[in-house]
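Written out below as structure tokens is the structure these notes cover.
The values are calculated or read from the model by the stated rules, or taken from the named source; none is laboratory data. This structure is a prediction, so every number in the text was calculated from the model and none was measured. Here the Cβ is made from the backbone with ideal geometry for all residues, glycine too, and neighbour counts use every protein chain on show.
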Amino acid sequence: MDINNQIHLAAHRYNQEGRDFWMGPLTLEGASSNTVVEAQFEHIWNLTKTQIDDFISNQGQYGYEIPEDILTWPAHGDVSLGYAPNLAPFVDVNADGLYNPEDGDYPDIFGDQCLFFIFNDGLTNSSNIHTETGGSRLGLEVHAMVYAYDAPDDEYLNNTVFFHYDLINRSTYEYYGSYVGVWNDWDIGSGIDDYVGCNVPLGACYAYNANAEDEVYGDNPPVQLCTILAGPYMDPDGIDNPGYSGDCEAFNNYFNINFENGIVDDERLGMSRFMVQSNGNSAMGDPMVAEEYYRTFRGYWKDGTRVMYGGDGYNLTVGPACDFMFPGDSDPCNYGTNGVLPNSGYNVDGKYWTEIEAGNPPLDRRGLAVMGPFTYQPFQIHPLDFAITTVWKTDTQSALERIEEAVNAVRQKFEEEDWTDVAEQPKKMDGFLKVYPNPTNGAATVEGTGRLMIMNAMGQQVLTRDIEEHATITLPTGLYFIRVENEKGSSVSKLLVR
């Protein structure tokens, strides 16, 4: 929601009803693009670690041909057209700030194979209408790195695909009550006989076959698992939040993503809600318009009814209102009901809310893993990491019994990696951008070098100019966003004029 309580939303299910996303980046000013740039980015860069290693060993040698996706790696935007100077991450061998494979520079990828692409939620020549959802455009630019590992000796890793998104707010709007969701339409073999569930403290949701046998898989139907590894950053609160230690007094910190690590305000959201839809147009079906989508993110059905504990979340429920559907025995602290013990004896003495316990008919099930709410500042970059894993049964365990082990294995691999955000990530303020005094009763000084852009709280640009080292600005009373952009990246600061 923006300051005027207007919904800004971009979402896709199948790209059949309409369109909310286009390929390529957005400009730094105006969050716009055009069909020429879209066509240039209508591509998925596909690279392997073997190709990268081969490049490092043989670049410059006679007869070696550099792979096309290394040559064309989208490391930079066209600055002359107003795009960010740095896009796709790369290893800058000679530290000149420019991507040039002839100098030995190469893409910085994750995993043994990666797919990289960039997309956004609206072109200026598309009349700014999202025909899939009807939501107003966000000015969102997404850098996607999808990766996997060749790990034949590690069953879980070998059956997992990882996703890293950098979600960049290219607009000048500050959004409130922001949510990000990963939507799954599972279909385990036959798509009409599935159940779903979630593991609350592990931040995972999953689908499984409702029957012992499936017409596609036979007697060995797998579980399809979606794990939220780390969502967007939590809103700053000035403390290093304590992690969950098994004490239900701290149940709101189940997820432990950068919690209690000695760093203030680097905590990232975990899965904060799990919503289920069924194929169809009922109140429990897929959302169709922006208001219905936004209700789903906040734990409501399409008709505005709150999701309730028990039954199918809509019919034959026992209450209270809940945020996680079909959690089974995974939520002993009743995190999903805000610490309130569910009614009708649930969550004690072996009675837990599952599709099986509720006696729900098997259906074509979909599930939305939600992260939020959070405040989304102009120019801010929020990371999102999740993984999709296929889990099979063994001679001694069912696929459902192996979920916790699978999630922990995937999380361990994710935490071992040293992922950094895209090269365009704004640098720390120290030495790059300073604004003082702040708040100010009149003039303020901006220290920095590069292109200075100032926007007001309504997203309107009030000043653009080049500065070297410092500039004095005088603005009317109000809240402003100060941005300095140069070849090193960009940095943003708020300024309050009283």
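Considering only residues in segment 198-222 that are at pLDDT 90 or above and hydroxyl-bearing (S, T, Y), the one that is surrounded by the most Cβ atoms within 10 Å (Cβ to Cβ) turns out to be Y206. Quick one: is D329 acidic (D, E) and crowded, with 17+ Cβ neighbours inside 10 Å? For D329, the condition - acidic (D, E) and crowded, with 17+ Cβ neighbours inside 10 Å - is not met. Taken across segment 223-236, residues that are modelled with pLDDT under 90 and either surrounded by fewer than 23 Cβ atoms within 10 Å (Cβ to Cβ) or under 28 Å from R137 (Cα atoms) (or both) do occur, with at least one present. One residue stands out among those in segment 166-186 that are in a strand (DSSP E or B) and among the charged types (D, E, K, R): the one that is farthest from G30 (Cα to Cα), which is D185. When Y64 is tested against (1) surrounded by fewer than 19 Cβ atoms within 10 Å (Cβ to Cβ); (2) of a type outside the set (S, T, N, Q); (3) within 25 Å of the chain's Cα centre (by Cα), only condition (3) is not met. Considering segment 68-94, and only residues there that are without any contact (Cβ under 8 Å) to a residue 24 or more places away in the chain and part of a helix (DSSP H, G or I), the residue that is surrounded by the fewest Cβ atoms within 10 Å (Cβ to Cβ) turns out to be S80.
Tallying residues that are hydrophobic (A, V, I, L, M, F, W, C) and surrounded by fewer than 21 Cβ atoms within 10 Å (Cβ to Cβ) within segment 382-401 yields 3. If only residues of segment 284-306 that are surrounded by 18 or more Cβ atoms within 10 Å (Cβ to Cβ) and acidic (D, E) are counted, the one that is farthest from L363 (Cα to Cα) is E292. With the structure loaded, tell me whether Y309 is under 15 Å from A358 (Cα atoms), among the hydroxyl-bearing types (S, T, Y) and surrounded by 22 or more Cβ atoms within 10 Å (Cβ to Cβ) or whether it fails that test. Criteria met by Y309. Of all residues in segment 187-209, those satisfying the criterion of being under 19 Å from the mean Cα position of the chain (by Cα) and outside any strand (DSSP E or B) are V200, P201, L202, G203.
The requirement of being small (G, A, S), surrounded by 15 or more Cβ atoms within 10 Å (Cβ to Cβ) and in contact with a strand residue (DSSP E or B) (Cβ under 6 Å, 6 or more places away or on another chain) is fulfilled nowhere in segment 244-267; no residue meets it. I'd like to know if segment 127-138 contains one or more residues that are within 18 Å of the chain's Cα centre (by Cα), on the phi < 0 side of the Ramachandran plot and in contact (Cβ under 8 Å) with a residue 24 or more places away in the chain. For segment 127-138, residues within 18 Å of the chain's Cα centre (by Cα), on the phi < 0 side of the Ramachandran plot and in contact (Cβ under 8 Å) with a residue 24 or more places away in the chain: present. Scanning segment 366-386 finds no residues that are in a loop (DSSP other than H, G, I, E, B), closer than 26 Å to T160 by Cα and either touching a helix residue (DSSP H, G or I) at 6+ places or on another chain (Cβ under 8 Å) or of a type in the set (D, E) (or both).
Annotation note: Cβ proximity below 9 Å between a residue of segment 177-190 that is in the same structural domain as M234 (by TED's automatic domain parsing) and a residue that is of a type in the set (S, T, Y) and assigned to a loop (DSSP other than H, G, I, E, B) (sequence gap 6+ or interchain) occurs for Y179/S272; D185/Y14; I188/Y217; G189/Y217; S190/Y217. Filtering segment 338-355 to residues that are at pLDDT 95 or above and not in a loop (DSSP other than H, G, I, E, B) leaves K351, W353, E355.
What number of residues within segment 95-109 satisfy the criterion of being part of a loop (DSSP other than H, G, I, E, B), touching a residue at least 60 places away in the same chain (Cβ under 8 Å) and buried (at least 20 other Cβ atoms within 10 Å of the Cβ)? The total comes to 1.
Per-residue answers, yes or no, for (1) under 28 Å from Y300 (Cβ atoms); (2) in the same structural domain as G30 (by TED's automatic domain parsing):
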| site | (1), (2) |
| --- | --- |
| E357 | yes, no |
| Q377 | yes, yes |
| P383 | yes, yes |
| A387 | yes, yes |
| T390 | no, yes |
| E404 | no, yes |
| A409 | no, yes |
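All conditions but one from (1) over 15 Å from the mean Cα position of the chain (by Cα); (2) under 30 Å from I70 (Cα atoms); (3) of a type in the set (D, E) apply to E141; the one that does not is (1). Taken over segment 4-32, the criterion of being out of contact with any strand residue (DSSP E or B) (no Cβ under 9 Å at 6 or more places or on another chain) and of a type in the set (D, E) is satisfied by E17, D20.
Counting only strands (runs of 3 or more DSSP E) wholly contained in segment 450-489, the ones carrying 1 or more residues that are modelled with pLDDT of 85 or more and over 28 Å from the mean Cα position of the chain (by Cα) occupy 450-456, 461-467, 470-474.
Which condition does E29 not pass, out of (1) within 21 Å of the chain's Cα centre (by Cα); (2) assigned by TED's automatic domain parsing to the domain that holds Y176; (3) crowded, with 16+ Cβ neighbours inside 10 Å, if it passes all the others? Status for E29: all satisfied but (1). Residue selection: F326 fails the criterion of being more than 25 Å from V223 (Cα to Cα) and touching a strand residue (DSSP E or B) at 6+ places or on another chain (Cβ under 7 Å). Answer yes or no as to whether D331 is at pLDDT 95 or above, farther than 30 Å from R137 by Cα and not in a strand (DSSP E or B). Answer is no for this residue.
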